[in-house]
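Worksheet for the structure shown next.
The values are calculated or read from the model by the stated rules, or taken from the named source; none is laboratory data. Quick caveat: nothing in here was measured; it's all calculated off a predicted structure. Glycine also receives a Cβ, built like all others from the backbone with ideal geometry; neighbour counts cover every protein chain displayed. Protein only, heavy atoms only, side chains kept; ligands, DNA and RNA dropped before computing areas. Shrake-Rupley method; radii C 1.70, N 1.55, O 1.52, S 1.80 Å.
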Amino acid sequence: MEKQPILATGRLYLRPFDIADAPEVQRLCGDYAVAATTLLPYPYPDGLAEIWIASLRDDIGHGDAAAFAVTLAPGGSLIGGVRLRIDADHARGELGFWIARRCWGRGYATEAVRAVIEYGFSVLGLHRVHAMHFSRNPASGRVMEKCGMLHEGCFREHVRKWGVYEDVDIWGILREPAPRAGTYIPPPLRGISL
């Protein structure tokens with residue numbers, strides 16, 4: 001099983017989820033406002049947090065994910081989660097995140113997402129990280145933009161949330177843009193002085 005590190009930022013520790021986090025995950029994800037902006041169910045059913053945390057461990061162990069509990073550095077209280085679903089064949093990760101409503105608007109999501117993107121590039125060797133959010137939730141788009149992601153488009157009525165088809169905005173970032181196939185890259189000029 002892969003060992004996942006703890007990532008430290010200025011105000012946060014991003015650590016692996018533990019089964020002991022399940023009651024707090026259920027409480028935070030069971031907030032209607034959090035569920036309304038994600039694909040999380042509402043109400044959040046008993047037992048689901050334990051199943052989800054166990055599935056994260058399996059996915060991490062198989063190299064299919066990197067997942068972090070977002071905690072406040074001073075007290076260590078859980079305030080959210082960030083996950084990369086990894087597609088190793090294409091060296092890309094799909095980013096997802098949630099933050100407790102009481103912590104919205106404080107920059108925690110941006111700080112955590114930035115750290116996980118950097119981890120994906122520098123440690124996991126990913127070439128691309130992409131994410132999507134409900135178009136009606138521009139706050140998530142601002143997080144992605146602040147982390148250097150580019151808006152790549154909109155999928156109209158791409159997901160169904162509570163019986164309503166939702167548009168989603170797509171964002172992406174590359175570790176470093178690669179030349180497109182068939183693009184001529186001239187050799188560097190040598191011995192020319194201006």
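Observations, loosely collected:
- For ASP169, ASP18, the ranking by accessible surface with the largest value first comes to ASP18, ASP169, using a 1.4 Å probe.
- Taking label positions 7 Å along the Cα-Cβ direction at both ALA139 and GLU152, the computed distance is 2.6 nm, reported to one decimal.
- Of the solvent-accessible surface of the chain, computed with a 1.4 Å probe over protein heavy atoms with every protein chain present, carbon and sulfur atoms account for 54 percent.
- Gyration tensor (Cα) of region 26-72, equivalent ellipsoid semi-axes in angstrom: 22, 12, 10
- Region 99-176 and region 1-39 have Cα centres spaced 16 Å apart.
- Taking a ≥ b ≥ c as the square roots of the eigenvalues of the Cα gyration tensor, region 1-141 is rounded, since a/c falls below 1.5.
- Around GLY93: net Lys/Arg minus Asp/Glu count, Cβ-Cβ under 13 Å: -1
- Computed [θ] at 222 nm, helices only, for the chain once each DSSP H run of length n ≥ 4 contributes -39500 (n - 2.57): -8000 deg cm²/dmol
- DSSP beta bridges in the chain [antiparallel fraction, %, rounded to 5]: 90
- Of ILE86, ILE19, ILE173, the residue with the greatest mean-square motion in the GNM of the chain, using alpha carbon springs below 10 Å, is ILE19.
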